[in-house]
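Just below is one structure, and these are the notes that go with it.
The values are calculated or read from the model by the stated rules, or taken from the named source; none is laboratory data. Everything numeric here is computed off the predicted structure, so don't read it as measured data. Using ideal geometry, Cβ is built from the backbone for each residue, glycine included, and neighbour counts are taken over all protein chains shown.
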Amino acid sequence: MWLLFAILSAVFAALTSILAKVGIDGVNSNLATAIRTCVVVVMAWGMVFVTNAQGGINTISRKSWIFLILSGLATGASWLCYYKALQMGEASKVVPIDKLSVVITLVLAFVFLHEEFTTKSLIGCVLIGAGTLIMVM
C-alpha cells in the first residue's frame, strides 16, 4: 500500500508544480505560498477530523512536538524558496533541482538516522545527480 501512496504523491507533486507555475503568474511568490499553505492546512485538519484522529493530540510527546515544529519550519522554508524559484525560472529546470532532495535525504538519513547506505543507494544518488545536471543544462 505504501507504494501506491508514494506513486500518488509523485503524481500530485507533479501536478503541484504545473498548477503552481500557472497560478503564480503575476502573484508575489510569498503570497502564493501563503495561499497554498492555507489550503494545505484546511485539507490536513479536514483529514484529521474525517479520520477522527484529533484525540491523539494530547498524547504527542515533547520531542515529537519539537521535531514536528522543526519539520514545519523546514517545509515552510522549502516552499518559499520553491515558489520563488518557480516564479523566476522554468518549471522543467526548477523541479529537477528541487528533487535533488532525494539525494540529500539519503545522505542525511545515513548520517543522522544511521540508515543503510548501500552500493545501490550510491549508484542511485549519482544517477539522480547526473540526471539533474543533464536536465538543467
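Looking only at the range 57-90, which residues are farther than 30 Å from LYS21 by Cα and surrounded by 10 or more Cβ atoms within 10 Å (Cβ to Cβ)? Break it down into steps so the answer makes sense when it comes.
Let us first name the residues in the range 57-90 that are farther than 30 Å from LYS21 by Cα, namely 57-67.
Result: ILE60, SER64, TRP65, ILE66, PHE67.
Is it true that some residue in the range 1-9 is surrounded by 11 or more Cβ atoms within 10 Å (Cβ to Cβ), of a type outside the set (S, T, N, Q) and either in a loop (DSSP other than H, G, I, E, B) or not assigned by TED's automatic domain parsing to the domain that holds ILE134 (or both)?
No, every residue in the range 1-9 fails to be surrounded by 11 or more Cβ atoms within 10 Å (Cβ to Cβ), of a type outside the set (S, T, N, Q) and either in a loop (DSSP other than H, G, I, E, B) or not assigned by TED's automatic domain parsing to the domain that holds ILE134 (or both).
Hey, which of the helices (runs of 4 or more DSSP H) in the range 40-137, taking only ones fully inside, have at least 1 residues that are in contact with a helix residue (DSSP H, G or I) (Cβ under 9 Å, 6 or more places away or on another chain), touching a residue at least 60 places away in the same chain (Cβ under 8 Å) and hydroxyl-bearing (Ser, Thr, Tyr)?
Once the helices (runs of 4 or more DSSP H) in the range 40-137 are filtered for at least 1 residues that are in contact with a helix residue (DSSP H, G or I) (Cβ under 9 Å, 6 or more places away or on another chain), touching a residue at least 60 places away in the same chain (Cβ under 8 Å) and hydroxyl-bearing (Ser, Thr, Tyr), what remains is 62-88.
Restricted to the range 15-39, and to residues that are under 15 Å from the mean Cα position of the chain (by Cα) and free of Cβ contacts under 8 Å to residues at least 12 places away in the same chain, which residue is surrounded by the most Cβ atoms within 10 Å (Cβ to Cβ)?
Among those residues, the one meeting the criterion is THR16.
Looking at (1) under 19 Å from LEU113 (Cβ atoms); (2) of a type in the set (Val, Ile, Thr); (3) surrounded by 15 or more Cβ atoms within 10 Å (Cβ to Cβ), which is the one condition that is false for VAL94?
Condition (1) is where VAL94 drops out.
Which residue, of ALA74, ALA91, is among the small types (Gly, Ala, Ser), under 30 Å from MET137 (Cβ atoms) and either touching a Leu at 6+ places or on another chain (Cβ under 8 Å) or at pLDDT 95 or above (or both)?
ALA74
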